[in-house]
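A short write-up of the structure that comes next.
Every number here is computed from the coordinates shown, using simple stated rules; none is lab data. Values in this document were obtained by computation on a predicted structure and should not be read as measured data. So basically every Cβ, Gly included, is an ideal-geometry build from the backbone, and we count neighbours across all protein chains shown.
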């Protein structure tokens, strides 16, 4: 709190100095203006008074001279010049001769030059006739450095004076002489200096009072309320949101305090709302059955919810601050998960394994998301994991059950097929024995043919089972599907001609090459086309209808895959056949079918990340559609 106090003191001093500067400027400016005005008007008053005195003296001289007492006039001037303390000097000078008749400071008979300052007050030019008839005054510097007010008053040659007997030269100029009176301004200057000192003292006192008043004003009127505001803000910053200013004034500080109280109410309301939202979110996180774990950018666990505790057996205090790799059954799997985040913000439902505190392995579906702060900086990752150990076990049992059921179905189908094949072999063997007993070569040949057919069927069955059971691995190559389809047409053309089935193709010319295993795709297309030929052979066509197979190759709508369609107009399929057409050992060819051809076809397409579908109705033919990705 000491630092804020110093700031407040500095603020008070700064404001006091500002106010003091303004007050000082006003006081000094006012004093200076007043001084100048007082000097000006006092000097003007002195000039007026002195000019009046000079005019009075001139009137006295005129009276003496008009009475013919010229000597009395000179004595009058001499007496005033030598005895008066008011005058610094009184001189009587004749005109236009410029001879000093009477003076305190100059010797009588001294001749004044036209360039003398006293003469220049009246003579603007060197022409002696060009003389001003009014009294003139000026301030000059005395010999001792003090100022002197000099008043030059002309003795005018008026008509009454010209008619007097005292004037020998009645036709003299308009000015008979000049009365030069000089008054010392020392007392006036002393008075001005005293006035200046008084003004300076008054200004100093005013400034001191301004300083005191400013300090008191800013400390008690401004600094103290600001201190209360700072204390209130500090109290709220410390976490006490219940603080309010108890008494709100009606000035600007009171308005600020009132606004502060309103702001505190809003902050407290928002804080309560945020706390409720935080409690709600924490409740969701804590009560979630999923494992919710956050990790910082260095790979250390930051949070560990109750679901994680329950699933993995750790208490959160045991793992918070530890490396997250301790939770993985294989620590390298965490690096794999982080690698999947490269270039994206989240990875969803990635299956991995966690290890519990007791060493038990738990299978989880992990969703990783990057965590960013408000400024866009990465601060860690959020992992939400769902324990699927029970589901995995159920899935394993279900697969076992399905495998057992499939094995049962396969055994039944194999048993049925082998039974039929054995019946064929027994029948053939019986015919051979009868032929041998009766020596009938024809019967022997018939029996041998039946045995060959039975052996061929057993061979086909065993070959199909081997194909279906083997682990197929594709060896993709970039191929032209147009060429592949052409090979299929050539390979089946002889059989198609024998059965009077027309085969035609519709291929998109802009089709790019497709990456696939040409050997396996060739086998798939041959199996579907062979089934289509069989379907056409089983149908009784009406007049005007001919058996036909159409092979189409095109691109998907978004041009991301190739589509191969094989459509026939054969006998079609029932709904039951359509639902089981890709089921192993399901066959509609009762005499020679193994039920593994289309099941193997479906597996091959799945290996290519493709898709195979079929559409069919009884007596309306069938449409097989195969979609292969272009980037397989």
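Between residue 97 and residue 197, take the C-beta separation as r, use R0 = 51 Å, and let me know the FRET efficiency to the nearest 0.05.
The value I calculate is 0.60.
Counting other beta carbons within 10 Å of each Cβ, put 448, 516, 536, 208 in order, fewest first.
Listed from fewest to most nearby Cβ atoms, that is 208, 448, 536, 516.
Taking R0 as 25 Å, what FRET efficiency do you get between residue 279 and residue 238 from their Cβ-Cβ distance, rounded to the nearest 0.05? Spell out each step's value before the answer.
Details: r = 23 Å, r/R0 = 0.90.
The value I calculate is 0.65.
Using 0.36 nm times the number of residues separating residue 339 and residue 504, minus their current alpha carbon distance, what extension gain do you get?
Numbers: separation 165, 0.36 × 165 = 59.40 nm, distance 4.95 nm.
The residue 339-residue 504 span can extend by a further 54.4 nm.
Give the calculated FRET efficiency between residue 546 and residue 615 to the nearest 0.05, with a Förster radius of 22 Å applied to their Cβ-Cβ distance.
Once rounded, the FRET efficiency stands at 0.55.
What ranking do 489, 563 get, fewest neighbouring Cβ atoms within 10 angstrom at the top?
Starting with the residue having the fewest Cβ neighbours, the order is 489, 563.
Run the quick spin-label model on residue 261 and residue 111: label points 7 Å from Cα toward the beta carbon, then report their separation in nm to one decimal.
Each label point lies 7 Å from its Cα, and together they span 9.9 nm.
So if each residue of separation counts as 0.36 nm, and I subtract the Cα-Cα distance between residue 438 and residue 303, what length gain in nm does that give?
Working: separation 135, 0.36 × 135 = 48.60 nm, distance 9.35 nm.
Length difference between fully extended and current span is 39.3 nm.
Would you please put 314-322, 437-445 in order of how densely packed they are, using the mean number of other Cβ atoms within 10 angstrom per residue and starting with the highest? Display every interim value, and only then the final one.
Details: 314-322: 14.0, 437-445: 12.1.
By packing density, highest mean first, the sequence is 314-322, 437-445.
What's the exposure ranking of 346, 478, 510, going from fewest to most Cβ atoms within 10 Å?
Ranking 346, 478, 510 by Cβ neighbours within 10 Å, fewest first, gives 510, 478, 346.
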